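See structure below.
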Amino acid sequence: MAKILVTTGRGGSGKTTFVALAAKYLSSSERPSLIIDLDGDQSLADMLGVDLKERNVKTILDILFDLQKGKAYEELKSMPMPQKIEYLFHSDCVYESEKFDLVTLGVKWTSGCYCLPNDLLRGIIPGMARSYERMLVDTPGGLEHLNRKVVSEIDDLFFVLDPSLKAIKNVQRTLTLAGEIGIRYKNCYLVSNHSFKQDSEDLIRHEDGTSYLGKVEYDPNVENYNLIGKSLLELPDDSPACRSIARILTKAGYKTGC
């Protein structure tokens, strides 16, 4: 069964960058990871250098939208809807590479809630997890996504924080909500983003029920790579961001080879 790493926090704190750079050290041909992007922003694929359209890979919400609008899939018309959705998920929604596979929730193009795609993921993820050593999950900002309970059994929960009281309160509210709705985690870690100064770092080191692992250092190449659409996986190992991510993961008990 895969070890499940979930990254959360406020919007714009650097969660997706953390997941992309964590994938750099936790994914390889010998130990492939499953990466799940639950953020409707869909920026994780770009940070990983993945062009879903070029590979003809759809998001989960793409196939549900197509089914809702009655598009194609004539060869599956006799199949019951639940089996049809699961079949299309495995055939159309999984980007496969040598080091990792990627599943993207996508953008909701129609009115209504995320109930159906969330139910789909809740049902499929446990089975998929058996085929990987690790599962890395990028979540959207805010708390609403927790109620979807797409992943309710977590090994390591990482909060990526910006230097604000809102970020600290977000940790407290998230952990309270997780307890109320039955999301279980073994470890809860705090990570500060590059905006933190030393004195503001000291304010989050002793948040109850958490362990502080350190700061993601500023690296101008992260911004440059994102601007030109270059994969963060191509950042050199001596980049400040990469070194700090490797150090943080090592403190959490992961082997990074650094």
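Every read-out reported here was derived from the displayed coordinates using simple, explicitly stated rules and does not represent laboratory data. The shown structure was predicted, so the numbers you read here are calculated from the model rather than taken from an experiment. Cβ coordinates were reconstructed from backbone atoms using ideal geometry, including for glycine residues, and neighbour counts include every protein chain displayed.
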- Note on the structure: Residues whose modelled amide H sits under 5 Å from the amide H of Leu161, counting only those 5 or more places away in sequence or on another chain, are Val191, Ser192, Asn193
- Query: How high is the relative contact order of the chain, in percent, counting Cα pairs under 8 Å that sit 6 or more residues apart?
  - Reply: 30 percent
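If contacts are Cα pairs under 8 angstrom and at least 6 residues apart, what is the relative contact order of the stretch 125-221 in percent?
Numbers: 100 pairs, mean separation 25.8, N = 97.
Once divided by the residue count of the stretch 125-221, the mean separation gives 27 percent.
Let me know the Kirkwood hydrodynamic radius for the stretch 1-101, please, with Cα pairs as the basis and the value in Å to one decimal. Intermediate values should be presented prior to the final figure.
Numbers: mean 1/r = 0.0653 Å⁻¹.
Result for the stretch 1-101 stands at 15.3 Å.
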- Note on the structure: With Cα coordinates, the longest principal axis of the chain makes an angle with the long axis of helix 115-129, in degrees rounded to 10, of 70 degrees
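Which FRET efficiency value, to the nearest 0.05, is calculated for Tyr87 and Gln198 with the Förster distance at 51 angstrom and r the Cβ-Cβ distance? Before the final figure, lay out each step's value.
Values: r = 53 Å, r/R0 = 1.04.
Calculated transfer efficiency: 0.45.
Can you give me the Rg/Rh ratio for the stretch 1-53, using Cα atoms for both radii and the Kirkwood formula for Rh? Provide the component values of the computation, followed by the final result.
Numbers: Rg = 11.5 Å, Rh = 12.1 Å.
Computed over Cα atoms, the ratio is 0.95.
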- Fraction of alpha-carbon pairs in the stretch 61-104 farther than 14 Å apart, rounded to whole percent, equals 51 percent
- Mean projection of the alpha-carbon convex hull of the chain over all orientations, in nm²? 14.0 nm²
- Message: Can you compute the FRET efficiency between Ser43 and Lys69 using 1/(1 + (r/R0)^6), with r the Cβ-Cβ distance and R0 = 30 Å? Round to the nearest 0.05.
- Response: 0.70
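Assuming a viscosity of 0.692 mPa s and a temperature of 37 °C, what translational diffusion coefficient in µm² per second does Stokes-Einstein assign to the stretch 151-242, Rh being the Kirkwood radius over Cα pairs? Intermediate values should be presented prior to the final figure.
Working: Rh = 14.8 Å.
D = 222 µm²/s.
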- How large is the dipole of the stretch 15-55 about the Cα centre if only Lys and Arg carry +1 and Asp and Glu carry -1, each at its Cβ, rounded to the nearest 20 debye? 160 debye
- Note on the structure: Helix 240-251 sits off the longest principal axis of the Cα atoms of the chain, rounded to the nearest 10 on a 0 to 90 degree scale, by 90 degrees
- Query: In terms of Cα to Cα distance under 13 Å, which aspartates and glutamates are near enough to Lys197, apart from those fewer than 8 places away along the same chain?
  - Reply: Asp162, Glu217
- What are the residues whose amide H is under 5 Å from the amide H of Ile35, where those residues sit 5 or more places off or on another chain and H is modelled from the backbone? Asp101, Leu102, Val103, Leu136
- How many nm is it between the label spots at Lys169 and His206, if each spot is 7 Å from the Cα in line with the beta carbon? 2.3 nm
